[in-house]
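Single-structure report; data block below.
The values are calculated or read from the model by the stated rules, or taken from the named source; none is laboratory data. Remember, predicted model here, so these are calculated numbers, not experimental data. Cβ placement follows ideal geometry from the backbone for every residue including glycine, while neighbour counts extend to all protein chains displayed.
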Amino acid sequence: MGRMKTIARRTFLIGSVAVAGGVAFGTYMVKRDPANPLIDDQQAGEAVFNPWVKIDGDKITLITPHADKGQGAVSVQAALLAEELDVEFGQFDTDFGKPSKAYWNTAFGDEGAPFMSTDQSFLAETTRGIMDALVKVMGVQGTGGSSSAPDSYEKLRRAGAVARETLKMAAANKTGLSVEQLKTANGMIILPDGKTIAYTDLAVDAAQIPPITEVTLRDPSQWRLLGKPMQRLDIVAKSTGTQNYGIDAKVDGMVHAAVKLNPRQGGKLNSYDAADAKAMPGVREIVEITGGVAVIANNTWRAFQAADAIEFDWGPAPYPAEQYDHWKALASSFNDDQLDSQWRNDGDVDIALAEGRVFEAEYRSPYVAHAPLEPLNAIVLVEEAGVQVWTGHQMPRQLQLLVAGITGHEQEQVTLHNQYMGGSFGHRLEFEYVKQAAEIANAMRGTPVKLTYSREEDFAHDFPRHLSIGRGRGVSKNGKVVAMDLQIASPSVLGSQMSRAEIPVPGPDAQIATGAWNNPYDLPNYRMRAYRAPELAPVSSWRAVGAPGAGFEFDCFLDELIHEAGADPMAERIRLMNHDVSRKVLETAAEMSSWGGELAPGKGRGVAFVESFGVPVAEVVEVTATEAGIKLDKVWVACDVGRVLDPANFENLVQGGVIFGLGHAMNCEITYADGMAEQSNYHAHEGMRLYQCPQIMVKGLENGGRVRGIGEPPVPPAAPALANAIFAATGKRIRELPLSRHVDFV
Amino acid sequence: MNLTVNGVSHEVDVEDDMPLLWVLRDELGITGVKYGCGVAQCGACTVHVDGMAVRSCQVPIGDLEGQVTTIEGLGSPQATHAVQAAWIEHQVAQCGYCQSGQIMQAASLLELNDDPSDDEIDAVMSGNLCRCGTYPRIRAAVKTAAKTMREA
């Protein structure tokens, strides 16, 4: 029952466990569906079939509640609805909808259960069911954890089918024909004689009848849209400068705000002198807010300039001022008192280590910034009757709650107009910028305030990916890897993040070692222990969360043990793999890359496999060691998401994830000095540039069963595959990220 | 102070040192041009001044000489420029925030050289950062646009 005790990990529903005080609600609560939020605003003559589809005399509107950070969530949600509704792209509008329990995330529960995704045992499935029930009862709406596709896959097709069948019933009532005689296509009912009735002309009739909820979903072989390359709904706007993001939103009478917060994050504001700033052109007000000061002006740049002119006396950081001490705190965490969880204990590692020649190595993964290209921003208007917020955010209901707490309104009085985001990578799971905008707007009730972070403020106040140290001991014998004893220490990203969201979190944090404990290898002796370092700098979920750091440490150490064994890196991984779907992923990567063939002088190849969010991903990276440094030539990626819903967007997301993983592995880290992040802009945290970009070949397999998301899983294998390739090309093992600390890149 | 943007003349009353970027975005409400870094590291604010790609965050309005073209002036959803059409065809964008700058940079390149080599594309386009990693599609789209422009 050790596992049952550990029902608590990353994901927001964990907080729900604490809030609900355990699994203390009845079947009724779980079975009851939350109310349809579209009914609240239903207009005369408008049919609202369920929380996702509404039709009036003029138009069809599809509600796509998952936030769009660039991953194409709006398009895939709309496609799932449109597939069964029989409407085509161009025949409907989309809307993020208002925050609602009805949009509870049906996939968060799976990720929250503390089992390997390959574990289909009764205990694992039962626990997933309990977690799902918790998420539903608490009404946890959120975008994250690569959950948009798995959450939406069945639910939205069903919602589309319900609307279609209800429209058919309305048409049958109107024409006197039977439902069986009616067909649907292109947003119309087709009568046996070929005549048509537009869905919009049936809205009034459909609104009079209860939705037909007994529906059968079409077999994938009948799909018109899904599984084929689609033109994303936002692609024209994003290619013509006409896509509006939160930073572009305009509200009548709006003023512009900039903030300066203690760069020693969480430290106090002792005093400040804003006399010069106040006298600058366009400056309207200077307002003290939690942790700093806001300047309100009539133009963003003027607000930035004035904020820079304020003189501050800041208090010290509540964490070690120097980076060296952050590493030291991790290094001191490998002890029994700080053991967070022993995730694996297969075979008998102690005996295997005692009987073999032990190979040891230590790895480090640093703090890394999110730094999406659109700096954080939010518009807030506070009025007596309610609050309006215009911003891009991944947790709409928690945002409402936190804003309401600042302005003194009820949660339901906070209206969120969710916006397209210029990237997130986890940044927009955080609430600080919205809370700050709410504080400023609350001090200026009646005036809409747009807060925009400068890039420097965004870097200084990012909550980066947590740093970690991995220590491995292992034994290879007779050409095989026989034992691995891996320990990973890091601060708890879940603990840091949830404390800001005001959600208490019990239990261990799986993300300390995700990417290490959950890979479906069958090492004869494998022990994996995670240690919880003290909270240091505030940290946050960064694309794929724990898996990029722990996956680097696990896979690079495995690569070293395979090298010690004298085995082939690909063949030995395939031999050790204990999961058919994952083995096929590795074999496909080998096949795509013609693994084992002759390479030109100076070239080297590395392979890595990391599973995250239920998606097994194998990547082969090929590099050339040149006089100017390492040149990235090619990458082959194979992964399995169960079903590829849009091959065009899928390929783009996989390539982008690989580039994101490689770029940060090459040259990105956040380090602290005097309590402050030393990197202030992209020159010091660059990522990959176009000229460095390798060719990237992608294959999406469909053997996995469950439909999974692809936003995050391509990221984690990139760093270890690159490090392993550099070893193959140069003989040099690099055990620390970013790799640029030890090697130059072309 | 007078400036011409996308063929339209505007009168603005601002400090000489306000960057063109913020005059466009906050004074004229032209928001296709994006703020990303403020220090010429990301290229999201790229516009054309007399046809040449420039980082508008680095041009104080008092120093501006020439006609400004933003992405809105390059083409529209109804009448796309060849580069925009290629960006749509290749479905380049993910979040899309950098793409106005990428497109303006590519359009400027192809205006000077409608048959760029891979190395030339890499050299010219590497000042524009894409955090989502759409580089493979940017390369492909630049080539498609070049072909369209050569055949026009």
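Looking only at region B:22-44, filter to residues that are of a type outside the set (A, V, I, L, M, F, W, C), assigned to a loop (DSSP other than H, G, I, E, B) and buried (at least 24 other Cβ atoms within 10 Å of the Cβ); which one of those is farthest from the other protein chains (Cβ to nearest Cβ)?
That would be B:GLY43.
Scanning region A:623-659 for residues being within 9 Å of another protein chain (Cβ to nearest Cβ), under 16 Å from the mean Cα position of the chain (by Cα) and surrounded by fewer than 24 Cβ atoms within 10 Å (Cβ to Cβ) gives a total of 0.
Could you say which residue among A:GLY474, A:GLY446, A:GLY515, A:GLY422 is in contact (Cβ under 8 Å) with a residue 12 or more places away in the chain and surrounded by fewer than 24 Cβ atoms within 10 Å (Cβ to Cβ)?
Numbers: A:GLY474 fails: surrounded by fewer than 24 Cβ atoms within 10 Å (Cβ to Cβ); A:GLY515 fails: surrounded by fewer than 24 Cβ atoms within 10 Å (Cβ to Cβ); A:GLY422 fails: surrounded by fewer than 24 Cβ atoms within 10 Å (Cβ to Cβ).
Matching residue, one of A:GLY474, A:GLY446, A:GLY515, A:GLY422: A:GLY446.
B:ASP17 falls short on exactly one of the conditions (1) within 11 Å of chain A (Cβ to nearest Cβ); (2) out of contact with any Gly (no Cβ under 8 Å at 6 or more places or on another chain), and that condition is (2). Among the residues of region A:674-729, write down those that are without any contact (Cβ under 8 Å) to a residue 40 or more places away in the chain, outside any loop (DSSP other than H, G, I, E, B) and aliphatic (A, V, I, L, M). Selection gives A:ALA684, A:LEU690. Exactly one residue out of B:VAL59, B:VAL39, B:VAL54 is touching a Ser or Thr at 6+ places or on another chain (Cβ under 8 Å), aliphatic (A, V, I, L, M) and within 22 Å of A:THR300 (Cβ to Cβ): that is B:VAL54.
Take residues that are within 22 Å of A:ALA294 (Cβ to Cβ) and aromatic (Phe, Trp, Tyr) and tell me which of the strands (runs of 3 or more DSSP E) falling wholly in region A:384-461 contain 1 or more. Before the answer, list the steps.
On the way: elements: A:386-391, A:414-418, A:449-452.
Answer list for region A:384-461: A:386-391.
Determine if region A:344-362 includes at least one residue that is buried (at least 19 other Cβ atoms within 10 Å of the Cβ) and closer than 22 Å to A:TRP542 by Cα. Taking every residue of region A:344-362 in turn, none turns out to be buried (at least 19 other Cβ atoms within 10 Å of the Cβ) and closer than 22 Å to A:TRP542 by Cα. Once region A:561-584 is narrowed to residues that are over 30 Å from the mean Cα position of the chain (by Cα) and acidic (Asp, Glu), the residue that is nearest to A:ARG605 (Cα to Cα) is A:ASP568. Only a single criterion out of (1) within 18 Å of A:SER454 (Cα to Cα); (2) without any contact (Cβ under 8 Å) to a residue 12 or more places away in the chain; (3) in a loop (DSSP other than H, G, I, E, B) is not satisfied by B:SER76, namely (1). Checking each residue in region B:45-70 for being touching a Gly at 6+ places or on another chain (Cβ under 7 Å), under 18 Å from B:SER9 (Cα atoms) and not in a loop (DSSP other than H, G, I, E, B) picks out only B:VAL49. Among the residues of region A:687-727, which ones are away from chain B (no Cβ under 13 Å), under 21 Å from the mean Cα position of the chain (by Cα) and either β-branched (Val, Ile, Thr) or on the phi > 0 side of the Ramachandran plot (or both)? Result: A:VAL707, single match. Just one of the numbered conditions (1) within 30 Å of A:ILE60 (Cα to Cα); (2) hydrophobic (A, V, I, L, M, F, W, C); (3) touching a Leu at 6+ places or on another chain (Cβ under 7 Å); (4) outside any loop (DSSP other than H, G, I, E, B) is not true of A:ALA257: (1).
The residues of region A:374-394 that are among the acidic types (Asp, Glu) and surrounded by fewer than 24 Cβ atoms within 10 Å (Cβ to Cβ), listed by number, are A:GLU383, A:GLU384.
On the basis of being surrounded by 18 or more Cβ atoms within 10 Å (Cβ to Cβ), under 19 Å from A:HIS461 (Cβ atoms) and away from chain B (no Cβ under 14 Å), does A:GLY292 make the cut? Taking the combined requirement at face value, the residue satisfies it. Considering (1) out of contact with any helix residue (DSSP H, G or I) (no Cβ under 8 Å at 6 or more places or on another chain); (2) crowded, with 24+ Cβ neighbours inside 10 Å; (3) at pLDDT below 95, the lone condition that A:PHE459 does not fulfil carries the number (3).
Counting the residues of region B:79-107 that are without any contact (Cβ under 8 Å) to a residue 12 or more places away in the chain, part of a loop (DSSP other than H, G, I, E, B) and within 9 Å of another protein chain (Cβ to nearest Cβ) gives 2. The lone criterion from (1) more than 14 Å from chain B (Cβ to nearest Cβ); (2) out of contact with any strand residue (DSSP E or B) (no Cβ under 8 Å at 6 or more places or on another chain) left unmet by A:ALA371 is number (1).
Counted as qualifying within region A:181-238 are the strands (runs of 3 or more DSSP E) with 1 or more residues that are charged (D, E, K, R), namely A:183-185. Among the residues of region A:214-222, is any of a type outside the set (Lys, Arg), in contact (Cβ under 8 Å) with a residue 24 or more places away in the chain and crowded, with 20+ Cβ neighbours inside 10 Å? Among the residues of region A:214-222, not one is of a type outside the set (Lys, Arg), in contact (Cβ under 8 Å) with a residue 24 or more places away in the chain and crowded, with 20+ Cβ neighbours inside 10 Å, which makes the answer no.
From A:ALA275, A:ALA279, grab the single residue that is more than 17 Å from A:LYS450 (Cα to Cα), aliphatic (A, V, I, L, M), free of Cβ contacts under 8 Å to residues at least 24 places away in the same chain and away from chain B (no Cβ under 14 Å). Show your work before the answer.
Numbers: A:ALA279 fails: away from chain B (no Cβ under 14 Å).
It is A:ALA275.
With the condition kept exactly as written, say whether any residue in region A:84-101 is of a type in the set (S, T, N, Q) and assigned to a loop (DSSP other than H, G, I, E, B). Checking region A:84-101: at least one residue is of a type in the set (S, T, N, Q) and assigned to a loop (DSSP other than H, G, I, E, B). If only residues of region B:122-147 that are facing another protein chain (nearest Cβ under 8 Å) and part of a helix (DSSP H, G or I) are counted, the one that is nearest to the chain's Cα centre (by Cα) is B:MET125.
All of (1) at the interface with chain B (Cβ under 7 Å from one of its Cβ atoms); (2) acidic (Asp, Glu); (3) over 27 Å from the mean Cα position of the chain (by Cα) hold for A:ASP252 with one exception: (1).
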